[in-house]
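Here's the structure, in C-alpha cells; my notes come after.
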C-alpha cells in the first residue's frame with residue numbers, strides 16, 4: 001500500500017477512535033486498540049499493560065465516580081509514518097463527568113498505531129500527559 005494510502009488509513013483509524021471516545025462509545029473506542037496495547041496516563045501510578053486492564057480501569061471509574069466523556073476536541077494533529085508503525089500526536093480538550101462535576105482536561109496525547117492483518121491499523125500504545133498547566 002503506498003504511503004499516502006497508509007497515512008489516510010491511519011488518520012481514518014485515529015478519527016474513528018477520537019469520535020468514539022468523544023461520544024463515550026466504549027465499544028468502538030476499545031475496539032480501536034489491539035488486545036496487547038499498553039496505556040500510560042498521567043493520572044495513574046502504573047502502566048496499564050493490556051486493553052482489558054484499561055477497560056477494567058475505565059469500568060471502575062464509571063462505577064466509583066460516575067465517569068463519562070461529555071466531549072473531546074482534537075487539535076494540533078501530527079502523524080509520523082514509520083513503515084508498519086505510525087505515531088499520531090495531538091492536543092485534546094476533554095470535558096468529563098467525574099463525581100457529578102464537569103471537569104475540563106487539557107492534554108497532549110500520543111497514540112502509536114501498528115498495521116494488523118495487513119490492512120487494519122490499531123492502537124498499540126497510548127500516552128497521555130497534562131498540557132498547559
Next on the checklist: For the structure I just gave you, tell me whether residue 108 is modelled with pLDDT of 95 or more, over 20 Å from residue 28 (Cα atoms) and outside any strand (DSSP E or B).
Outcome noted: no
Item to check | Search result, residues across region 91-105 that are touching a residue at least 12 places away in the same chain (Cβ under 8 Å), in a strand (DSSP E or B) and either over 13 Å from the mean Cα position of the chain (by Cα) or more than 20 Å from residue 48 (Cβ to Cβ) (or both) | outcome: 91, 93, 95, 96, 97, 98, 102, 105
Checklist entry - Take the residues of region 13-40 that are touching a residue at least 40 places away in the same chain (Cβ under 8 Å) and in a helix (DSSP H, G or I): which is surrounded by the fewest Cβ atoms within 10 Å (Cβ to Cβ)? => result 22
Item to check | Those residues of region 41-54 which are under 17 Å from residue 114 (Cα atoms) and surrounded by 13 or more Cβ atoms within 10 Å (Cβ to Cβ), in sequence order | outcome: 50, 51
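Determine whether residue 5 is loosely packed, with under 14 Cβ neighbours inside 10 Å, over 21 Å from residue 131 (Cβ atoms), over 14 Å from the mean Cα position of the chain (by Cα) and without any contact (Cβ under 8 Å) to a residue 60 or more places away in the chain. Working first, answer last.
Details: loosely packed, with under 14 Cβ neighbours inside 10 Å: yes; over 21 Å from residue 131 (Cβ atoms): yes; over 14 Å from the mean Cα position of the chain (by Cα): yes; without any contact (Cβ under 8 Å) to a residue 60 or more places away in the chain: yes.
Against the criterion (loosely packed, with under 14 Cβ neighbours inside 10 Å, over 21 Å from residue 131 (Cβ atoms), over 14 Å from the mean Cα position of the chain (by Cα) and without any contact (Cβ under 8 Å) to a residue 60 or more places away in the chain), residue 5 qualifies.
The values are calculated or read from the model by the stated rules, or taken from the named source; none is laboratory data. Predicted model only: the values in this text are computed from it and were never measured. Reconstructed Cβ throughout: ideal geometry from the backbone, glycine too, with neighbour counts over all protein chains shown.
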